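Asker: Mind having a look at this structure? Questions to follow.
The values are calculated or read from the model by the stated rules, or taken from the named source; none is laboratory data. For clarity, every value in this text was computed on a predicted model and none was experimentally measured. Here the Cβ positions follow ideal geometry from the backbone for every residue, glycine too, while neighbour counts run over all protein chains shown. Areas reflect the complete protein model, heavy atoms only, side chains present, ligands, DNA and RNA absent. Shrake-Rupley method; radii C 1.70, N 1.55, O 1.52, S 1.80 Å.
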Amino acid sequence: MGQEGGGTSGRGWCVAGRLAQADEKTAPSEAHLGALRLWLQLGMADSAQAQKLVYLVTGGCGFLGEHVVRMLLQQEPRLRELRIFDLHLGPWLEELKTGPVQVTAIQGDVTQAHEVAAAVAGAHVVIHTAGLVDVFGRASPETIHEVNVQGTQNVIEACVQAGTQFLVYTSSMEVVGPNIKGHPFYRGNEDTPYEAIHRHPYPCSKALAERLVLEANGRKVRGGLPLVTCALRPTGIYGEGHQIMRDFYHQGLRLGGRLFRAVPASVEHGRVYVGNVAWMHVLVARELEQRAALMGGQVYFCYDKSPYKSYEDFNMEFLGPCGLRLVGTRPLLPYWLLVFLAALNALLQWLLRPLLLYAPLLNPYTLAVANTTFTVSTNKAQRHFGYEPLFSWEDSRTRTIRWVQAMEGSVQ
Ligand SMILES: NC(=O)c1ccc[n+]([C@@H]2O[C@H](COP(=O)([O-])OP(=O)(O)OC[C@H]3O[C@@H](n4cnc5c(N)ncnc54)[C@H](O)[C@@H]3O)[C@@H](O)[C@H]2O)c1
Ligand SMILES: CC(C)[C@@H](O)CC[C@@H](C)[C@H]1CC[C@H]2[C@@H]3[C@H](O)C=C4C[C@@H](O)CC[C@]4(C)[C@H]3CC[C@]12C
């Protein structure tokens, strides 16, 4: 009769947490013991062979980066070591260090080539998500370029010097649009013609960085093998940890549970759940080696079954169940007045900069982007590497609502 418990004792065997007390009749023979030892040795060898890869995630403590890190630990059985490189390391990393995978937190700056080189050395795969996601004027154009472009160049060079063959870059829909002419991109795909002209530092930096990554595909890395790169273009990501969603929620709480419509409901914006974006990164990193000829140098939009809605109506899918109300079936203010207010915000930001950082949600760029339809409809990721969203729309919505509800100050 076995008893619950762990470990082994005396004549007992610990098999899956149960102590199977052996007796004379069931005692294993020498042949059994030999077979068991061989099986364990093969299993451990196989396991060691399976757990052989070193991954590096830059920006691994960010909104998307954290989900990529957790998804890798859940979905990548070949992981031996997971390195998380970020300017700001999160305290939650400590909880990850108790598992079978070696988790190495590296505090570093992608603009510092030597720090990047040290982090990349010995890695088999790099997932580069680090970046300055700033459309609110918080950072200077020079800083945005330095982090997003020079930082990406540093990652590429580090891969070449270290002999790291596989690089996945987190690009953005904004590499395509909306462009400065406000042309809509209506359920387009990776091959849809579109005049991608930008002026804002953020989309310019993402477009330049993406080009560097794609042009690096095929370069010889140390050891003579080719570098295999690809770029993923998420549309507006939402989900647990999304700072802009948090900002909208707190703005609504300050306004007595109300948000005021500024964008027509007819303007469609593509959104994608962070868990599905993370899953696509993991899948691409896994398939890149076997499908290098097909996937190398390619771009893929990140997509799932999230509905096409205006940015504000989509946010209300989560903020509504948390007690907020979007006032107005159409924008409460005329567009010209919104343009004026956005310009006023930009002027105030410039005037106040020596004293404080004033960076409201409404500025000329965010108003233009919010008012321009940009949605994708594609299956390139499915065709090229079998991507299917891991989270349904219903699951993505529920998870996001629960996160908002758990937020400090939530009224629910
Ligand atoms: N959030 C979105 O809707 C969205 C959509 C498309 C693409 N993206 C891209 O996804 C990536 C991650 O975006 P996010 O929304 O998670 O942003 P985020 O700001 O939450 O995360 C970025 C991470 O990069 C780190 N970082 C910034 N500068 C760094 C530096 N110099 N050195 C090292 N680390 C640095 C930050 O500390 C942060 O942890 C970015 O490249 C962004 O362009 C985001
Ligand atoms: C104040 C209103 C006009 C309000 O509706 C403004 C919303 C505005 C802050 C967002 C509308 C569209 C967002 C952007 C879009 O989802 C895609 C992006 C690409 C990604 O790489 C970074 C984030 C972003 C630029 C995202 C930022 C917020 C919006 C501009």
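Asker: Note down the relative contact order for the chain as a percent, whole number, built from C-alpha pairs under 8 angstrom at least six residues apart.
Answerer: Computed over the chain, the figure is 15 percent.
Asker: If you roll a 1.4 angstrom probe over the protein chains with everything in place, what fraction of the accessible area of segment 281-412 belongs to carbon and sulfur, to the nearest %?
Answerer: C and S atoms contribute 58 percent here.
Asker: Further question: Kindly report, to the nearest 10 Å², the accessible surface of Met295 as traced by a 1.4 Å probe over protein heavy atoms only.
Answerer: 0 Å²
Asker: Do the sum for the chain: with -39,500 (n - 2.57) for every DSSP H run of n ≥ 4, divided by all residues, what is the mean residue ellipticity at 222 nm, to the nearest 500 deg cm²/dmol?
Answerer: Working: 14 runs with 158 residues, N = 412.
Helix contribution divided over all residues of the chain: -11500 deg cm²/dmol.
Asker: Here's something else I'd like to know. Rolling a 1.4 Å sphere over the protein heavy atoms, what is the accessible area per residue of the chain, to the nearest Å²? List each step's numbers first, then the result.
Answerer: Details: 19800 Å² over 412 residues.
Per-residue value: 48 Å².
Asker: Can you list the residues of segment 310-326 with backbone N under 17 Å from a point 7 Å past the Cα of Trp393, pointing along Cα to Cβ?
Answerer: So the set is 310-321.
Asker: With a 1.4 Å probe and every protein chain kept in, tell me what percent of the accessible surface of segment 125-176 is carbon plus sulfur.
Answerer: 55 percent
Asker: Same structure, new question: Using the basic label-point model (7 angstrom from Cα toward the beta carbon), what is the Leu344 to His384 distance in nanometres?
Answerer: Label at Leu344, label at His384, 4.6 nm between them.
Asker: Rg (Å, one decimal) plus Dmax (Å, integer) for the alpha carbons of segment 320-412?
Answerer: Rg then Dmax for segment 320-412, in Å: 19.1, 52.
Asker: Go through Lys309/Lys380; Lys97/Lys220; Lys206/Lys305; Lys97/Lys380; Lys181/Lys220; Lys206/Lys309 and tell me which ones have a Cα-Cα distance over 31 Å in this structure.
Answerer: Pairs exceeding 31 Å: Lys97/Lys220; Lys97/Lys380; Lys181/Lys220.
Asker: Next question. Find me the longest stretch of the chain that has none of the exposed GluC sites (Glu not before Pro), where exposed means in a DSSP loop (not H, G, I, E or B) with at most 12 other Cβ atoms within 10 Å.
Answerer: 196-407
Asker: Further question: Report, to two decimal places, the Cα Rg of segment 74-119 normalised by 2.2 N^0.38 Å (N = number of residues).
Answerer: Output field value: 1.25.
Asker: Over the Cα atoms of segment 177-263, Rg to Rh with Kirkwood Rh, two decimal places? Let's see the in-between values first.
Answerer: On the way: Rg = 18.9 Å, Rh = 16.8 Å.
Result: Rg/Rh = 1.12.
Asker: Provide, in order from the shortest bin, the percent of all Cα-Cα pairs of the chain in each 20 Å bin, continuing until the bin that contains the maximum pair distance.
Answerer: So the P(r) values, bin by bin, are 24, 51, 20, 6, 0.
Asker: In the full protein assembly as shown, how much of Tyr365 is accessible to a 1.4 Å probe, in Å² to the nearest 10?
Answerer: For Tyr365, the solvent-accessible surface is approximately 40 Å².
Asker: While we're on this one: With axes computed from alpha carbons, what is the tilt in degrees of helix 243-254 against the longest principal axis of the chain, rounded to the nearest 10 within 0 to 90?
Answerer: The two axes meet at around 60 degrees.
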